[in-house]
């Protein structure tokens, strides 16, 4: 389960985003990789998230917004129904797959979450949020080695993300430390 998705994580540099994603993301990711300050990177990251949330069909966007509200209100059953419907009706909506992966993570359904992360990365190989979610699952499964690989890839996409940089440092220390 984890290894198959790890292959997608490691191949993100060569993947092609799906056609429903705006081409403006290419320039945003180039800007994110070259950001000279945390403030600039945060601004670019906000725009990337806005682009990921956008979808050509208003019904899909509205349903995703309702699903996010249900997740925030911890109404996981309602969120699941909404997200299942969105990914069925709009299978190329990468952010819907990512939100369902998040929901499933919160429910402790790691295998299902990893599946949805894989779908997210097939549609948007640069999705650093999905990659970080995959790393969290790896950590929960005591696979710090896989988490480290994933976080290093997230760092390559978003070099100024403090939480990722801190986690990489901790995992690198843990994996290179003395054997017990």
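The values are calculated or read from the model by the stated rules, or taken from the named source; none is laboratory data. This structure is a prediction, so every number in the text was calculated from the model and none was measured. Neighbour counts are summed over all protein chains in view; Cβ atoms, including those assigned to glycine, are modelled from backbone coordinates with ideal geometry.
Here 36, 65 are screened, and the one residue that is outside any helix (DSSP H, G or I), without any contact (Cβ under 8 Å) to a residue 12 or more places away in the chain and out of contact with any strand residue (DSSP E or B) (no Cβ under 9 Å at 6 or more places or on another chain) is 36. Of the residues 96, 70, 101, 27, the single one that is in contact with a helix residue (DSSP H, G or I) (Cβ under 8 Å, 6 or more places away or on another chain), more than 18 Å from residue 129 (Cβ to Cβ) and either assigned to a helix (DSSP H, G or I) or at pLDDT 95 or above (or both) is 70. Within region 42-58, no residue that is on the phi > 0 side of the Ramachandran plot sits with its Cβ atom under 6 Å from a residue that is surrounded by 14 or more Cβ atoms within 10 Å (Cβ to Cβ) and modelled with pLDDT of 95 or more at 6+ positions apart or across chains. Is one or more of the residues making up region 112-124 within 23 Å of residue 39 (Cβ to Cβ) and modelled with pLDDT of 95 or more? No.
Do we have any residue at all in region 15-24 that's in a helix (DSSP H, G or I), within 24 Å of residue 155 (Cβ to Cβ) and either modelled with pLDDT of 95 or more or out of contact with any strand residue (DSSP E or B) (no Cβ under 9 Å at 6 or more places or on another chain) (or both)? For region 15-24, residues in a helix (DSSP H, G or I), within 24 Å of residue 155 (Cβ to Cβ) and either modelled with pLDDT of 95 or more or out of contact with any strand residue (DSSP E or B) (no Cβ under 9 Å at 6 or more places or on another chain) (or both): present. The single residue among 137, 131, 117 that is over 22 Å from residue 50 (Cα atoms), touching a residue at least 60 places away in the same chain (Cβ under 8 Å) and within 14 Å of the chain's Cα centre (by Cα) turns out to be 137. Test residue 142 against the stated conditions and say whether it is over 16 Å from residue 21 (Cα atoms), without any contact (Cβ under 8 Å) to a residue 12 or more places away in the chain and out of contact with any helix residue (DSSP H, G or I) (no Cβ under 7 Å at 6 or more places or on another chain). Answer is yes for this residue.
Which of the residues spanning region 148-162 are in a helix (DSSP H, G or I), in contact (Cβ under 8 Å) with a residue 24 or more places away in the chain and more than 13 Å from the chain's Cα centre (by Cα)?
Scanning region 148-162 gives 148, 149, 156, 162.
Applying the set (1) out of contact with any helix residue (DSSP H, G or I) (no Cβ under 6 Å at 6 or more places or on another chain); (2) buried (at least 22 other Cβ atoms within 10 Å of the Cβ) to residue 113 leaves exactly one unmet item: (1).
Residue-by-condition table, conditions (1) closer than 16 Å to residue 120 by Cα; (2) buried (at least 18 other Cβ atoms within 10 Å of the Cβ):
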| site | (1), (2) |
| --- | --- |
| 64 | yes, yes |
| 70 | no, yes |
| 83 | yes, yes |
| 88 | yes, no |
| 98 | yes, yes |
| 103 | yes, yes |
| 108 | no, no |
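Filtering 2, 21, 53, 6 for residues that are surrounded by 15 or more Cβ atoms within 10 Å (Cβ to Cβ), in contact with a helix residue (DSSP H, G or I) (Cβ under 7 Å, 6 or more places away or on another chain) and farther than 14 Å from residue 121 by Cα leaves a single hit, 53.
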